[in-house]
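Asks: Structure incoming, see below.
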Amino acid sequence: MAAIYYKTNEEIELIRNSSLLVGKTLAEVAKIIKPGVKTSELDKVAEQFIRDNGGTPSFKGYHGFPFTLCVSANSVVVHGFPGAYELKDGDIVSVDCGVYMNGFHGDSAYTFTVGQVKAETLRLLKVTKECLQKGIELSVTGRRLGDVSHAIQEHAEGNGYSVVRELVGHGVGKDLHESPEVPNYGKRGSGPVLQEGLVIAIEPMINQGKKGVKTESDGWTIRTIDNMPSAHFEHTVAVRAGKADVLSTFEYIEAVLNKQQQLVS
Ligand code: MG
Ligand code: MG
């Protein structure tokens, strides 16, 4: 495995700036998510917003990925292509976004609901987001990476869900994907000891059904083998003593979602 590159406080602030722009971009996306919208529209809005704010989309061109966003609806786990698909009532859609600015990346993802979503699917989203929170809580100096992974797995499986094995979180910095890998499953007490300066993207991908996934013929789209829904939430996080510093944020997204909620109720 490649060496882990530990960041200075100045570098962490640059990663925070990139990560904040990701959060604001996802809030712009949240504003237009509704039944009937094409997922290509989400991509267009996100790319424009990132560029207007001085960033570059991290994903576009990354190993040949053609878009700004990964847009992954329902049984698509991650890496879905934005395109002609129109979101429909009852869908869930994971939107994953990266921003590169001032030499550093930020990476975050949120799974949105479209119209009225089944209660059992809402529960999958809630538990997946809790898994992310459990991982963040253990991202403190002196813990081991396996503690983070184990906490995520335990919460997902304890709620009757399964954890995707083929895709994992990662270090974030000058490169979008750095060492170490951050699996969403693992053994407590295993792996490297977490130290100040480690910046990781924690991104549980949790399936309602079985854990197996397959890659579609476009070479990117990852879908559950049983075609059951999958959820995905991601934050970029700096390890600190006592309490992790979450560099990305859902605050802007959730302000938009709360406002929409008030308008319908
Ligand atoms: Mg991501
Ligand atoms: Mg990531």
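Asks: Which value, in Å², gives the accessible area per residue of the chain when a 1.4 Å probe is used on the protein heavy atoms? Walk me through the numbers before you get to the answer.
Replies: Values: 11450 Å² over 265 residues.
With the other protein chains kept in place, the chain gives 43 Å² per residue.
Asks: Still on this structure: If R0 is 22 Å, what FRET efficiency do you get for K34 and D218 from their C-beta distance, rounded to 0.05? Don't skip to the end; give the middle numbers.
Replies: Numbers: r = 26 Å, r/R0 = 1.16.
That pair, K34 with D218, gives E of 0.30.
Asks: Another one. Put +1 on the Cβ of every Lys and Arg and -1 on every Asp and Glu Cβ in the chain; which of A73, G83, L247 then has its Cα farthest towards the positive end of the dipole?
Replies: Projecting each Cα onto the dipole axis, the largest value belongs to A73.
Asks: Mind listing the phi-derived Karplus ³J(HN,Hα) values for the range 105-112, rounded to whole Hz, using 6.51, -1.76 and 1.60 with θ = phi - 60°, and x for any glycine or proline?
Replies: 9, x, 8, 7, 9, 9, 9, 9
Asks: Additional query: If you plug each phi of the range 4-12 into the Karplus form 6.51 cos²θ - 1.76 cosθ + 1.60 with θ = phi - 60°, what whole-Hz ³J(HN,Hα) values come out, in order, with x for Gly and Pro?
Replies: 7, 9, 7, 8, 7, 4, 5, 5, 4
Asks: Rg/Rh for the chain to two decimals, with Rh computed the Kirkwood way over all alpha-carbon pairs. Walk me through the numbers on the way to the answer.
Replies: Working: Rg = 17.1 Å, Rh = 18.2 Å.
Ratio of gyration radius to Kirkwood radius: 0.94.
Asks: With N set to the residue count of the range 44-123, report its C-alpha Rg divided by 2.2 N^0.38 Å to two decimal places.
Replies: Details: Rg = 13.8 Å, N = 80, 2.2 N^0.38 = 11.6 Å.
Cα-based Rg divided by the globular estimate yields 1.19.
Asks: To continue, here is another question. With +1 on each Lys and Arg Cβ and -1 on each Asp and Glu Cβ, how big is the dipole of the range 71-191 about its Cα centre, in debye rounded to the nearest 20? Let's see the in-between values first.
Replies: Details: 12 positive and 15 negative charges, 69 e Å.
The dipole of the range 71-191 has a size of about 340 debye.
Asks: Also, I was wondering about something else. Check which residues have an amide H placed less than 5 Å from G90's amide H, if you skip close sequence neighbours.
Replies: So G90 has HN proximity to V114, G115, Q116.
Asks: I would also like to ask the following. Which percent of the accessible area of the range 58-206 is formed by carbon and sulfur heavy atoms (probe 1.4 angstrom)?
Replies: Working: 2710 of 5510 Å².
Solvent-exposed carbon and sulfur of the range 58-206 make up 49 percent of the total.
Asks: When only Cα pairs under 8 Å and 6 or more residues apart are kept, what is the percent relative contact order across the chain? Walk me through the numbers before you get to the answer.
Replies: Values: 693 pairs, mean separation 63.5, N = 265.
In percent, rounded to a whole number, it is 24.
Asks: If I histogram all Cα-Cα distances within the range 104-226 using bins 5 Å wide from 0, what percent of pairs lands in each bin?
Replies: 2, 11, 19, 22, 20, 14, 8, 3, 1
Asks: Report the label-to-label distance for H63 and A241 in nanometres (one decimal), using points 7 Å from each Cα along the Cα→Cβ vector.
Replies: Label at H63, label at A241, 3.7 nm between them.
Asks: At 1.4 Å probe size, what's the solvent-accessible area of K24? Round to the nearest 10 Å².
Replies: Using a 1.4 Å probe on the heavy atoms, I get roughly 80 Å².
Asks: Whole-Hz ³J(HN,Hα) for each residue in the range 114-125, computed from phi via Karplus 6.51 cos²θ - 1.76 cosθ + 1.60 with θ = phi - 60°, x for glycine and proline: what do you get?
Replies: 10, x, 8, 10, 3, 4, 5, 6, 4, 5, 4, 5
Asks: Moving on. Stick to the Cα atoms of the range 198-265, pair each with every other, and give me the Kirkwood hydrodynamic radius in Å at one decimal.
Replies: Details: mean 1/r = 0.0664 Å⁻¹.
Value: 15.1 Å, from the Cα pair sum.
Asks: Place the peptides 217-227, 174-184 in order of packing, highest mean first, counting for every residue the other Cβ atoms within 10 Å and averaging per peptide. Let's see the in-between values first.
Replies: Numbers: 217-227: 15.0, 174-184: 19.3.
Descending mean neighbour count gives 174-184, 217-227.
Asks: State to the nearest 20 debye the size of the charge dipole of the range 141-265 about its Cα centre, where the only charges are +1 on K and R beta carbons and -1 on D and E beta carbons. Kindly include the intermediate steps, with their values, before the conclusion.
Replies: Working: 13 positive and 16 negative charges, 66 e Å.
Roughly 320 debye, rounded to the nearest 20.
The values are calculated or read from the model by the stated rules, or taken from the named source; none is laboratory data. This is a predicted model, so every value here is computed, not measured. No Cβ is skipped: glycine too gets one built from the backbone with ideal geometry, and neighbour counts run over all protein chains shown. The accessibility values were calculated without ligands, DNA or RNA, using every heavy atom of the protein model including side chains. Shrake-Rupley method; radii C 1.70, N 1.55, O 1.52, S 1.80 Å.
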